[in-house]
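Notes to accompany the following structure.
The values are calculated or read from the model by the stated rules, or taken from the named source; none is laboratory data. This one's a predicted model, so the numbers in the text were calculated from it and none came from an experiment. Counting neighbours? That spans all protein chains shown, and the Cβs are built from the backbone with ideal geometry, glycine included. Ligands, DNA and RNA are excluded from the accessible area calculation, which covers all protein heavy atoms including side chains. Shrake-Rupley method; radii C 1.70, N 1.55, O 1.52, S 1.80 Å.
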Amino acid sequence: MKLISAVPALLMMAVLGPLFPVVAQGDHTPNTIAIDATKPAGTPPAPLPRMGGTSRSGHEIGVNSQYLTLDGKPWLPVMGEFHYSRYPEQYWEEELLKMKAGGVQIVSTYVFWIHQQEIEGEFDWTRQRNLRDFVELCAKRGLYVFLRIGPYAHGEVRNGGLPDWLVAHGVTRKNNPQYLSYVRRYFAQIGQQVKGFFWKDGGPIIGVQLENEYSQRGPDAGAAHISELKKIARESGLDAPIYTVTGWDNPDFPAGEVIPVFGGYADDFWESTLTELPPSGYYLFEAKRDLGDVGAGTTPQETSSQQYPFFMAEAGGGMQVAYHRRPVITGDDVAAMTLTRLRSGANLYGYYMYQGGANPAGKRTSLQESVETDHVYDLPEISYDFQAPLGEFGQMNPAFRATKVFHLFLNDFGSYLAPMVPVLPQLVPATAADQSTVRLAARIRGSSGFIFLNNYQRNYSLPDHPDVRVQLALPGETLLLPRRPLDIPSSAYVIWPVNLDLNGVLLKYATAQLLTKISHHDEEYYFFFAQPGIRPEFSFDENSVASLRAGKATISHAGGRIFVGEMAPGPGVALSVRSKSSGKMTHIILLSKTEAQDVWKVSIAGQERIVLSPADVFFAEDNLYLRARNVEKLRFSVFPFLSSGPVASVPLRQIGLEGVFAAYFAKMHSKKIDILWQKIREADAAAPARMGKYNAIAPKDADFEHAGVWKIALANNAAAGLSDVFLRIDYTGDVARLYSGRRLLADDFYKGTLWEIGLKRFAPEAFGEAMSLKIMPLRKDAPIYIPASLRPPFPPSGETSKVSGITGVPEYEVRVSLR
C-alpha cells in the first residue's frame, strides 16, 4: 500500500496522467495546505461507444471516460446492494422505501444461482427468490436496478453462488462447452424473469455485472470468457446500457466491452490476523482505485485509467463477521470512507452491503460460505447483517444517517461534482500511519470545486490540527481560506464548497458542508451544516451581492469579499442574500450535524419539502412514515408549510414553529414488552477450538447439544399495534442461536455488542410459544479476534457463557398524510 508523496510527484504524473495533478514544491506556513489547481484538466471526457442507451420514453443514459450522464447531464448516483433472496419478500417494499429515503437511487443485487437452482433441473423463482417481483417493486418506487448475474457471484454464499451439482460436473468459470451450456439455461431463466424491465423497454434495469473477482487468464478464460458471458447475456435478453466486471484481482477483460468497478472496506473479515489491522489507506485521499484489500494487484488499465470512469460497486457499507475474525464497524468508519473515495474521483458510489439480510433455508444444505466448502473461514449459517446501514431486520443503523448527508448532497449537487477532477495538495501523508500531515484535497473544474478534509482513521485516533488554512490556486485567482485559521478536531470529516453559484450570488467558500436545496416561491433555500468543532464562515463575492441579511451573525468586508461568521446552527434562516445580476433571493439555513442527519427530502404534490425528524423515516405516495423505539421521537417538522394540516394514524398536535419549519408531535402511549426468560441448562465445558488450515472453525450443529440453554417467552399480543418488537440479548459467549422448536431462526457470532433480532418476521411462532436460546461458551484462549475494547472479562475457569439480560423493545409506527 503506497501513497503518492511530493518527492516523486512528477514521475507519478507521467503514470497517472493529468486527472490527478500534483503541485510543485513551494513555500507555505506549517498549517497552510497548498493546492495548485491551475493546471488544465486534460482531454475532455471521451464517450464509451459500447455503453449507454435510450429508453422507450426517450430518456438517455450515457457513459464517458469520467462519468455517467442522464439525459445529457452529468450524473453521480448512489447505489446500494440489497440481496432480495436474503430478505423476506413481504418486507421488500418497505426496505426499498427506506433505501430511497436514505438517498439511494440504484439498487444492485446479486442473482445467486444456488438460491435459484439448488437442485439440478429445478428452478425456484417463488417467494423471496422471486426476482421479477423484486425488480417490479424497484420500478414502482422509482429506483434503478443493477443486476449482478455471475454466474459466479461470491457474496459469501456457498460455492460463491454456484450450485453443488454444477461444481460436481467439473470445469466452471471458463469457456468449457458443458459449463457454458448450463450458463445459457441459467441466463435464459434470468432473462425470462426480468423480461420487459430493461432500460430500453422503459424499465429500471440499467446495468449488468458479469462474473465477480475474476482473475483467470488463458485462451478459454480471462477476456475471452467475459466476452462469451456478455454474448450469452445479450442473447438471453439481458440487454443493458452498462456492463461491468470487478476491477480487483488483476482481471483480464475485453477493452471497451465492460467497465471495471472497484471496492474497499473498513476492515477485512477474511484476514487471518487476530489483531487490529494497520491503518487503512482508504482513509487517505489516494489516486489509485484499487488499494489491495478487496483483492491484489491493479487492473491492466491502471496506468491509463482515464479510459474508464471510476465506479465503486463495493464501497463497504459495513463488514460481515467470520468465526475467527469479528470486526465491529461504526457509522463514522463507513461515512469517512465515503468522503475520501468521492474526493479520489469515484463517480458512481455503490455500497456493499446497504441492506443486511439472512441466508434463506437451503433444500439440501445450508447456504453460507464455510470451510466445509473449501473456504478458509466459517460464516454464520443464517445472519448476513453485514453491519450495513440497514440491518438484517430493517434497523436504520448509525451508518444510515452518517452517509445520508452525503447522499442528499450527491442527489442535488452530483452533477456539479462528477466532471470535477481530483487534485492533491503539495504535502500528502507518507502512509496511512502518518498522523502529523493534514489530510486535505480537492476536486476542481475550472475555478469551482469542493475541498475535502478528513481527520478520521478507523481504530487510530488522529490528533487535532490547530490553525489550519487552505491556499487554493485556481485559474485567475488564489484563495486563502478561511479568513482566520481554524482548528480541525480529531475525527472530523467534511466537504467545503468553493466558488459555488447560488442563484447569481457567488459563494467564494464556506467552512460548512453543503447538504441539499429546495425552491419555494421562486426563492432558493440552501441547507448547510456545521461540523462540530469547526467554525462556520461564509465568504461572498461582493460584486455579486445586492443585499445581505444575517441576523445576529457578524458581517465584515475586505478585498471585495463579504464575510459572515459567528453563526449559530439551527433550523432558521441564518442569512439571506440577493443577487445583483438576477435580483433573486437565496436563503441559507445552517443546521447542526445532528439536525442534518435528521433531514429527509420528499416531493409532495409537485413541491419538494424538507422534513426534520429524529425518527426513522420513509415515504410512500403522499404518506410520511415515522418509526421509533421511543415515543418521544415520533415528531417531525416540515418546510415549506403544508397547505392543510397533516392527518395521522394517531392524534397529531402542531407544536409551533422551529425556525422555518412547522413542527408536529404524534401522541402515542408507550408500551411495555413483558418477557419471561430463564436458564434451563448450564453449558458443558468448552473444548479447544478446532482449527482449519488457516483459521478456527465454527461449532457444528451437534456441538450445540452441549450449549447453555435459556427459554424465552413473549405474550401472544406483544406485537399488537406495533411495527415490530426487537429482542435484545445482552450475552457473552462464542456463538448464539435462537430456535423455535427445531427451527433455527437467527444466529450470532459474539463480538461484544448486543444481539438484536426483529421478531415480526417470525410471527406467530415467536409470540406465545417459548423460544430457545443456545449459547456456546467462549474460551479465553480461543484464536478469535474480537476488538480489544469489547472482549469480555473471563472467570477463573477461562470460559464464559452468560446472559446478563433479555429485553423486548417496541418499534412504534405513525403514518402521516402530507397531502
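Would you point out the residue of segment 34-68, among those that are open to solvent by 30 Å² or more (accessible area, probe 1.4 Å) and in a strand (DSSP E or B), that is farthest from residue 262 (Cα to Cα)?
Ranking the qualifying residues of segment 34-68, first place goes to 36.
Which ones in segment 140-154 are under 21 Å from the mean Cα position of the chain (by Cα) and either part of a helix (DSSP H, G or I) or of a type outside the set (Val, Ile, Thr) (or both)?
Hits for segment 140-154 are 141, 142, 143, 144, 146, 147, 148, 153, 154.
Yes or no, residue by residue, for (1) among the hydrophobic types (A, V, I, L, M, F, W, C); (2) in contact with a Gly (Cβ under 8 Å, 6 or more places away or on another chain); (3) open to solvent by 10 Å² or more (accessible area, probe 1.4 Å); (4) at pLDDT below 95:
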position	(1), (2), (3), (4)
303	no, no, yes, yes
330	no, no, yes, no
335	yes, no, no, no
347	no, no, no, no
350	no, yes, no, no
356	no, yes, no, no
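For segment 582-617, how many residues are out of contact with any helix residue (DSSP H, G or I) (no Cβ under 7 Å at 6 or more places or on another chain) and either assigned to a strand (DSSP E or B) or small (Gly, Ala, Ser) (or both)? Steps first, answer last, please.
Taking segment 582-617 first, the residues out of contact with any helix residue (DSSP H, G or I) (no Cβ under 7 Å at 6 or more places or on another chain) are 582-595, 598, 602-611, 613, 616.
From what's left, either assigned to a strand (DSSP E or B) or small (Gly, Ala, Ser) (or both): 582-583, 585-592, 602-611, 613, 616.
So the answer is 22.
Within segment 75-89, work out how many residues are buried (at least 21 other Cβ atoms within 10 Å of the Cβ) and more than 30 Å from residue 360 (Cβ to Cβ). Full working, then the answer.
First pass over segment 75-89, keeping only residues buried (at least 21 other Cβ atoms within 10 Å of the Cβ): 76-87.
From what's left, more than 30 Å from residue 360 (Cβ to Cβ): 76.
The total comes to 1.
Check segment 714-731 and report whether any residue there is more than 18 Å from residue 811 (Cβ to Cβ), outside any loop (DSSP other than H, G, I, E, B) and open to solvent by less than 20 Å² (accessible area, probe 1.4 Å).
yes
Output yes when any residue across segment 696-703 is open to solvent by 30 Å² or more (accessible area, probe 1.4 Å), outside any loop (DSSP other than H, G, I, E, B) and free of Cβ contacts under 8 Å to residues at least 12 places away in the same chain, and no when none is.
So far as segment 696-703 goes, yes, one or more of its residues are open to solvent by 30 Å² or more (accessible area, probe 1.4 Å), outside any loop (DSSP other than H, G, I, E, B) and free of Cβ contacts under 8 Å to residues at least 12 places away in the same chain.
Take segment 102-129 and flag every residue that is open to solvent by 30 Å² or more (accessible area, probe 1.4 Å), more than 13 Å from residue 363 (Cα to Cα) and outside any helix (DSSP H, G or I).
Scanning segment 102-129 gives 105, 121, 126.
Residues in segment 802-813: is at least one in a loop (DSSP other than H, G, I, E, B) and crowded, with 16+ Cβ neighbours inside 10 Å?
Restricting attention to segment 802-813, the residues satisfying the condition of being in a loop (DSSP other than H, G, I, E, B) are none.
No, that holds for no residue.
Residues in segment 618-625: is at least one at positive phi and surrounded by 12 or more Cβ atoms within 10 Å (Cβ to Cβ)?
So the first thing to find is which residues in segment 618-625 are at positive phi, and the list is 621.
Imposing the further condition that a residue be surrounded by 12 or more Cβ atoms within 10 Å (Cβ to Cβ) reduces the set to none.
No.
Before we move on, is residue 751 modelled with pLDDT of 95 or more, of a type in the set (D, E, K, R), out of contact with any strand residue (DSSP E or B) (no Cβ under 8 Å at 6 or more places or on another chain) and not in a strand (DSSP E or B)? Even if it seems obvious, please write down each step before you answer.
Values: modelled with pLDDT of 95 or more: yes; of a type in the set (D, E, K, R): yes; out of contact with any strand residue (DSSP E or B) (no Cβ under 8 Å at 6 or more places or on another chain): yes; not in a strand (DSSP E or B): yes.
Yes, satisfied.
If a residue has to be under 22 Å from residue 348 (Cα atoms) and among the charged types (D, E, K, R) to count, how many in segment 399-458 make the cut? So that I can check it myself, show each step before the final result.
The first filter runs over segment 399-458 and keeps only residues under 22 Å from residue 348 (Cα atoms), leaving 399-424, 440-446, 448-454.
Narrowing the set further to residues that are among the charged types (D, E, K, R) leaves 401, 404, 412, 443, 445.
Count: 5.
Is it true that residue 282 is open to solvent by less than 10 Å² (accessible area, probe 1.4 Å), modelled with pLDDT of 95 or more and more than 19 Å from residue 422 (Cβ to Cβ)? Lay out the reasoning, then the answer.
On the way: open to solvent by less than 10 Å² (accessible area, probe 1.4 Å): yes; modelled with pLDDT of 95 or more: yes; more than 19 Å from residue 422 (Cβ to Cβ): no.
No, not satisfied.
Quick one: which of 372, 392, 381 is modelled with pLDDT under 95 and of a type in the set (D, E, K, R)?
Numbers: 392 fails: modelled with pLDDT under 95; 381 fails: modelled with pLDDT under 95.
It is 372.
Which of the residues spanning segment 381-391 are open to solvent by 10 Å² or more (accessible area, probe 1.4 Å) and closer than 19 Å to residue 94 by Cβ? Full working, then the answer.
First pass over segment 381-391, keeping only residues open to solvent by 10 Å² or more (accessible area, probe 1.4 Å): 381-383, 385, 387.
Of everything in segment 381-391, just one residue is open to solvent by 10 Å² or more (accessible area, probe 1.4 Å) and closer than 19 Å to residue 94 by Cβ, namely 385.
Residues of segment 218-245 being touching a Pro at 6+ places or on another chain (Cβ under 9 Å), farther than 24 Å from residue 352 by Cα and of a type outside the set (A, V, I, L, M, F, W, C), which ones? Break it down stepwise before answering.
Of the residues in segment 218-245, the ones touching a Pro at 6+ places or on another chain (Cβ under 9 Å) are 222-224, 226-227, 229-230, 244-245.
Restricting the remaining residues to those that are farther than 24 Å from residue 352 by Cα gives 222-224, 227.
Selection gives 222, 227.
Only one residue in 617, 638 is at pLDDT 95 or above, more than 25 Å from residue 808 (Cβ to Cβ) and touching a Phe, Trp or Tyr at 6+ places or on another chain (Cβ under 9 Å). Which one?
Numbers: 617 fails: more than 25 Å from residue 808 (Cβ to Cβ).
Testing whether each residue is at pLDDT 95 or above, more than 25 Å from residue 808 (Cβ to Cβ) and touching a Phe, Trp or Tyr at 6+ places or on another chain (Cβ under 9 Å) leaves just 638.
For a quick check of your reading of the model, give me the residue pairs whose first member lies in segment 639-651 and is over 25 Å from residue 591 (Cα atoms), whose second is open to solvent by less than 30 Å² (accessible area, probe 1.4 Å) and at pLDDT below 95, with beta-carbon atoms closer than 6 Å and at least 6 apart or on different chains.
Pairs that qualify, where the first residue is over 25 Å from residue 591 (Cα atoms) and the partner is open to solvent by less than 30 Å² (accessible area, probe 1.4 Å) and at pLDDT below 95: there are none.
State all residues of segment 660-688 that are of a type outside the set (A, V, I, L, M, F, W, C) and surrounded by fewer than 17 Cβ atoms within 10 Å (Cβ to Cβ); if no residue qualifies, say none.
The first filter runs over segment 660-688 and keeps only residues of a type outside the set (A, V, I, L, M, F, W, C), leaving 664, 667, 669-672, 674, 678-679, 681-682, 684, 688.
667, 669, 670, 671, 672, 674, 678, 679, 681, 682, 684, 688 - these are the residues of segment 660-688 that are of a type outside the set (A, V, I, L, M, F, W, C) and surrounded by fewer than 17 Cβ atoms within 10 Å (Cβ to Cβ).
Evaluate segment 774-783: report whether one residue or more is closer than 30 Å to residue 669 by Cβ, open to solvent by less than 60 Å² (accessible area, probe 1.4 Å) and of a type outside the set (Val, Ile, Thr). Reasoning before the result, please.
Keep residues of segment 774-783 that are closer than 30 Å to residue 669 by Cβ, which gives none.
No, every residue in segment 774-783 fails to be closer than 30 Å to residue 669 by Cβ, open to solvent by less than 60 Å² (accessible area, probe 1.4 Å) and of a type outside the set (Val, Ile, Thr).
Restricting to segment 181-210, name every residue that is of a type in the set (S, T, N, Q) and in contact with a strand residue (DSSP E or B) (Cβ under 7 Å, 6 or more places away or on another chain).
Applying the first criterion (of a type in the set (S, T, N, Q)) to segment 181-210 yields 181, 189, 192-193, 209.
Hit for segment 181-210 is 209, nothing else.
Could you check segment 510-561 and list, in sequence order, the residues that are open to solvent by 10 Å² or more (accessible area, probe 1.4 Å), more than 21 Å from residue 481 (Cβ to Cβ) and either assigned to a strand (DSSP E or B) or not charged (D, E, K, R) (or both)?
Across segment 510-561, the qualifying residues are 517, 519, 520, 521, 523, 524, 525, 546, 547, 549, 551.
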